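The values are calculated or read from the model by the stated rules, or taken from the named source; none is laboratory data. For clarity, every value in this text was computed on a predicted model and none was experimentally measured. Don't worry about glycine lacking a Cβ; one is built from the backbone with ideal geometry, like all the others, and counts go over all protein chains shown. These accessible areas exclude ligands, DNA and RNA; they are computed on the full protein's heavy atoms, side chains included. Shrake-Rupley method; radii C 1.70, N 1.55, O 1.52, S 1.80 Å.
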Amino acid sequence: MKRTAELTFDGKTLELPTVVGSEGEVGIDIATLRSGTGCITLDPGYGNTGSCESAITFIDGEKGILRYRGYDIAELAERSTFIETAYLLIYGDLPTRPQLAEFSEMLTENQMLHESMRHHFEGFPASAHPMAILSAMINAASSYHPNLIHKREERFPFHAARLISQVRTIAAFSHRKAHGLPVTYPKSTLKYTANFLHMMFSMPGEDADLKPEVVRALDTIFLLHADHEQNCSTSTVRMVASSRANLFASASAGVCALWGPLHGGANQAVLEMLQQIHDEGDDGSKFLAAVKDKTTDRRLMGFGHRVYKNFDPRALIIKEQCDKVLAQLHQSDPLLDIAKKLEEIALHDDYFISRKLYPNVDFYSGIIMRAIGIPLDMFTVMFAIGRMPGWIANFKEVMEDPTSRISRPRQIYTGPTQRNYVPVEERA
Ligand code: CMC
């Protein structure tokens, strides 16, 4: 039976069709709302608004389910790699061996930046945040590829590979520049994540020690961040793409959206918070009291999620990884103890229980990154490298959708009604 929704306004009833997703999610199609009633919907923060139909990622926030193209995140984290998962997200299926080999080859072929781009790095002050550099340099990279604009469909696989590969090179170069270190060029013999760590940490004449457990831990972090349906940065990428802007421009906008502390910037904010609690000699209880005090706007960073109202499956995997990596590296970290204590208190506290606030992906990821030597200001950059395949997959979906229109929300205007201009000398 076809299900419809009825909306009555000013005595007039409008029948609205529904759209049902492959996992049973129902959306009410309001395309005729304005023409039928003269009204629009109002949903600040878009908590009730589906902006698109998408076949990439499925989340059930109540059950803590996350699947990329139908594959459970835990299974991918255990058995796949970041690059294989990137292919899955972008092209829809796990690659065959030759497809994976071809994809990896394209990544290697495209890993070098145009040599002139090195000069752009010199223009940033030493204090520049690597996310600012990343966003600017991704956009700058587009200017080296004029065919991005004119042949976007035809050249897509090439540009997608170029972007995944070069975001890693740009990220490593920005770290080297910020620390006054000579840049290290990528090595064709290394796989994606090992190559990134090489560019970050090798010194002239002394290659970095690429411990397999460190490479695997970072690769898993990238994989866990690879997509997350219509979050703030992905929606930004789709919105920019809807104007037919090119892939690099759209991804660069995604980096800017990700930077904020409520989104990807939370991983840096979590570590700063844990460090502050540690430095103040607090066991976490004083900090949590301040978080619950509604006269402050303090938040327990790394907690809460718009969609997950039970648990974030990525957080469970990362917490487990965290213990494993620290044990493998024979390290202990007082900040991990504080994080666990905060989680334990929060999970038994009515403030957090009643608001369904649980640890999210960012709560423990920073501790792993710190253990493997990633500097604090590069944490959000790691998120951006990981999220790139998701942004690209969403860009592709917009580009290939024949019904796609420019994203252009409406508003309810609340400003002054019409006023007449008053010359400056007559104004009170
Ligand atoms: N600490 C304390 N209180 C919180 C928190 C938190 N981390 N998160 C939400 N709340 C409270 C909030 O104050 C509000 O309380 P009240 O109803 O009394 O006003 C209630 O919970 C609902 O919050 P909201 O801001 O309406 O929720 P949202 O869905 O708009 O925000 C969020 C989601 C992730 C931005 C938010 O939970 C938050 O700010 N968390 C901390 C930042 C963070 O960890 N971000 C990373 C998200 S996961 C990675 C990613 O995908 O970006």
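Assuming R0 = 35 Å, what is the FRET efficiency of residue 12 and residue 306, from their Cβ-Cβ distance, to the nearest 0.05?
Computed FRET efficiency for residue 12 and residue 306: 0.55.
Take residue 144 and residue 377, extend 7 Å from each Cα along the Cα→Cβ direction, and tell me the distance between the two endpoints in nm.
Going from the residue 144 label point to the residue 377 one covers 2.3 nm.
Shape call for the stretch 266-371 from the C-alpha gyration tensor, a ≥ b ≥ c root eigenvalues: rounded (a/c under 1.5), prolate (a/b greater than b/c) or oblate?
Oblate, since a/c reaches 1.5 and b/c is not below a/b.
About the Cα centre of the chain, how large is the charge dipole given +1 on each Lys and Arg Cβ and -1 on each Asp and Glu Cβ? Please answer in debye to the nearest 20.
Dipole about the Cα centre, nearest 20: 920 debye.
Sum -39500 (n - 2.57) across every DSSP H segment of at least 4 residues in the chain, then divide by the residue count to get the 222 nm mean residue ellipticity, nearest 500.
-15500 deg cm²/dmol
Positive end of the charge dipole of the chain (Lys, Arg +1 and Asp, Glu -1 on Cβ, about the Cα centre): tell me which of 88, 139, 404 has its Cα farthest that way.
After comparing all options, I get 404.
With a 1.4 Å probe and all protein chains kept in place, how do 200, 399 rank by accessible area, largest first?
399, 200
When only the heavy atoms of the protein chains count and the probe is 1.4 Å, how do 39, 256 rank by accessible area, highest first?
Working: 39 35, 256 70 Å².
Descending accessible area places them as 256, 39.
Rounded to the nearest 20 Debye, what is the dipole magnitude of the stretch 266-371 about its Cα centre when Lys and Arg each give +1 and Asp and Glu each give -1 at the C-beta?
Charge dipole of the stretch 266-371: 480 debye, to the nearest 20.
Suppose each label sits 7 Å from its Cα in the direction of the beta carbon; what would the residue 191-residue 327 distance come out to in nanometres?
Between residue 191 and residue 327, the simple spin-label model gives 2.3 nm.
Kindly identify the stretch 206-279 as rounded, prolate or oblate by the Cα gyration tensor criterion: order the square roots of the eigenvalues as a ≥ b ≥ c, call it rounded if a/c is under 1.5, otherwise compare a/b with b/c, prolate if a/b is larger, else oblate.
The shape class here is oblate.
For a test of the definition: using alpha carbon positions, the gyration tensor, and the 1.5 limit on a/c, classify the stretch 239-313 as rounded, prolate or oblate. Walk me through the numbers before you get to the answer.
On the way: a/c = 3.00, a/b = 2.30, b/c = 1.30.
Since a/c reaches 1.5 and a/b is larger than b/c, the shape of the stretch 239-313 is classed as prolate.
If r is the Cβ-Cβ distance from residue 43 to residue 206 and R0 is 56 Å, what FRET efficiency results, to the nearest 0.05? Please list the in-between numbers first.
On the way: r = 55 Å, r/R0 = 0.98.
E(calc), rounded to 0.05, equals 0.55.
Please express the Cα-Cα pair-distance distribution P(r) of the chain as a list of whole percents, one per 10 Å bin, running from 0 to the bin with the greatest distance.
In whole percents, the pair-distance histogram is 4, 19, 29, 24, 15, 6, 2, 0.
How far apart, in nanometres, would the label points at residue 5 and residue 126 be if each is projected 7 angstrom from Cα along the Cα-to-Cβ direction?
Between residue 5 and residue 126, the label points sit 5.6 nm apart.
Let me check against my output: what whole-number percent is the relative contact order of the stretch 4-65, with C-alpha pairs under 8 Å and at least 6 apart?
Values: 48 pairs, mean separation 11.8, N = 62.
Relative contact order here is 19 percent.
Mean separation of Cα pairs under 8 Å and 6+ residues apart, divided by the residue count of the stretch 204-342: what relative contact order is that in percent?
24
If the elastic network links every pair of Cα atoms under 10 Å, which of 129, 159, 330 fluctuates the most in the Gaussian network model of the chain?
Judging by the Gaussian network model, the answer is 330.
Which whole-number percent is the relative contact order of the chain (Cα, under 8 Å, 6+ apart)?
20
In what order, largest first, do 421, 192, 351, 358 sit by accessible area if the probe radius is 1.4 Å?
421, 358, 351, 192
Which of the aspartates and glutamates could a cross-linker bridge to residue 191, judged by Cα under 20 Å and excluding same-chain residues fewer than eight apart?
Reachable aspartates and glutamates: 78, 84, 102, 105, 109, 206, 207, 209, 213, 219.
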